[in-house]
Amino acid sequence: MYNNNFKYYIKALIGRKNDMWYFDKLQKSYPKNNQRDVNELISWADKVSNEQFDESFYIKNGFVKNYAYPLAEELRNLCLQNFQNIYEKNGLAVCLHLPPENVSVGGRSWMQNFGSALKFMGINVIYFWNDLPVNDLKEKNIILSIGAKKFVESFNWDSLAIIKKSSSISLGFQCSTDITNEKTLNKYIEEYLQYKPDFFYSFHSASFVETTALKTISEQKDFKVFSIEFSANPLLNFPQKYIKQDFDFVFLGSSNHDKINRYYQYFLQPFKQFKGCVAGPGWKWTPDFKLNHSRDSLVYSRSKVALNLHIDFQMIYANEINERAYQIASYGIPQIIDNPRILNEKFSRIGLVAKSPKEFLSQIKYALNNLENLEDISKKAMIEVYEKHTTFHRVKEFIENFYKINNI
């Protein structure tokens, strides 16, 4: 994490205004009573996330019925009905290279998230780290790994070459480098081609990948490229039936280095002016924060609106919107969001969009004073998620494209 980067702390201590200096200033602007309230909220959500209560419990504790819940329930049930076990007769297994948390929290979360959708749709899912369980392989097999040093070091690739002689296996690496820089990308691809992958996959949109060096190099070096964009998972991301909204806003996100500058610009005034729930890896008041979908749904249920920011790359290139955007929309909570370049391609209207820090603050103020006016916007964003942006849609697109390219 960026907060562990010692050199930035040293520069901050001696007064040099680098990113860490501004991040420290931002954290200091977040009131101590909010920090206390956030930890109480997370402790409460952790405690009740696996419990069931009747309506009287919620009414007694100041909750009201969630206007978004009936629509969410209807959309979710239809979605589950449309996708459940659609691939159960395909004889396909997807092997997911699942890292321990101390290797990659994000990688582990994505693999488990994608794996839950694969399994629900009738695909055999095999999780592995060091050794591939050969006896569990099926007629057709896909291995999804991540093109990063710790992933390739964990596995005996010579053994995979032997297994491939008797089993149909296609290996794919997630391309975890800048796909717009041809020089850097060429070096990266050459390094991972030694493991003989059949394809690379990217979290960027397919339309963006088509315009990048990754597409050009794939044609030169004869490998396939797939796009698996971020999404909301109906098995994991679903609103609560009752809400309380005792926090003005919620922001669940980490404090990585590539986010610090925009955090300072957009969050400094909201931190000072409103009661917000801010939590995630890297924030000093939530040092042990880990992703927990059932708990996080409860956290969202306690907030009036949700905030969302993107990194510079997503603002410059029409490549993706972040996973948080889809998840917030699936919870039916009003979203105050910046303006990533691809946003209008993905949603007709996702929430209140801000093109500057000043407008971001203004949109928060408007939202808090006009919550009822935002209900229709939130519902429409939820509908769009269930119509085209669930993890089931991403799985289906990937599998169908894989079959098409490989003439299966």
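Since every read-out is calculated from the coordinates, none of them should be taken as a lab result. All figures in this text were calculated on a predicted structure; none of them were measured in a lab. Here the Cβ is made from the backbone with ideal geometry for all residues, glycine too, and neighbour counts use every protein chain on show.
Structure above, values below:
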| quantity | calculated |
| --- | --- |
| Simple Cβ-charge dipole of the range 11-166, Lys/Arg +1 and Asp/Glu -1, about Cα centre, in debye nearest 20 | 740 |
| Acute angle (nearest 10 degrees) that the helix 391-405 long axis makes with the longest principal axis of the chain, alpha-carbon atoms | 20 |
| Contact order normalised by residue count of the chain, Cα under 8 Å, 6+ apart, percent | 18 |
| Point-charge dipole on Cβ atoms (K/R +1, D/E -1) for the chain, about Cα centre, debye to 20 | 1000 |
| Exceeding the 23 Å Cα-Cα cut-off - candidates Lys272/Lys355; Lys259/Lys290; Lys28/Lys244; Lys150/Lys290; Lys304/Lys380; Lys259/Lys396 | Lys28/Lys244; Lys259/Lys396 |
| Top of Lys275, Lys32, Lys259 by mean-square fluctuation, Gaussian network on the chain, Cα under 10 Å | Lys32 |
| Using alpha-carbon coordinates, inclination of helix 357-369 to the longest axis of the chain, degrees | 60 |
| Between 0 and 90°, nearest 10: helix 105-120 axis offset from the chain longest Cα axis | 70 |
| Label assignment, percent of Cα pairs over 26 Å apart derived from the structure, set (i) 54; (ii) 58; (iii) 70 | (ii) |
| Share, in percent, of DSSP beta bridges within the chain that are antiparallel, nearest 5 | 5 |
| Rounded Å value of the spacing that divides the Cα centres of the range 315-354 and the range 233-308 | 16 |
| Qualifying trypsin sites (Lys or Arg not before Pro) for the range 50-108 [loop in DSSP, other Cβ within 10 Å: at most 11] | Lys89 |
| Spin-label pair Gln269/Glu219, simplified geometry with 7 Å Cα→Cβ offset, distance in nm | 4.7 |
| Calculated over the range 25-174: convex hull of Cα atoms, volume per residue (Å³) | 192 |
| Three-way shape call for the range 112-267 based on the alpha-carbon gyration tensor, with the a/c threshold at 1.5 | oblate |
| Equivalent ellipsoid semi-axes - Cα gyration tensor, the range 108-181, angstrom | 21, 18, 12 |
| Unit charges on C-beta of K, R, D, E only; dipole of the range 282-408, Debye | 180 |
| Positive-pole candidate from Ala45, Leu96, Tyr264, dipole of the chain, charges at beta carbon | Tyr264 |
| Positive-end extreme of charge dipole, the chain - chosen from Phe23, Asn339, Ala232 (charges on Cβ) | Phe23 |
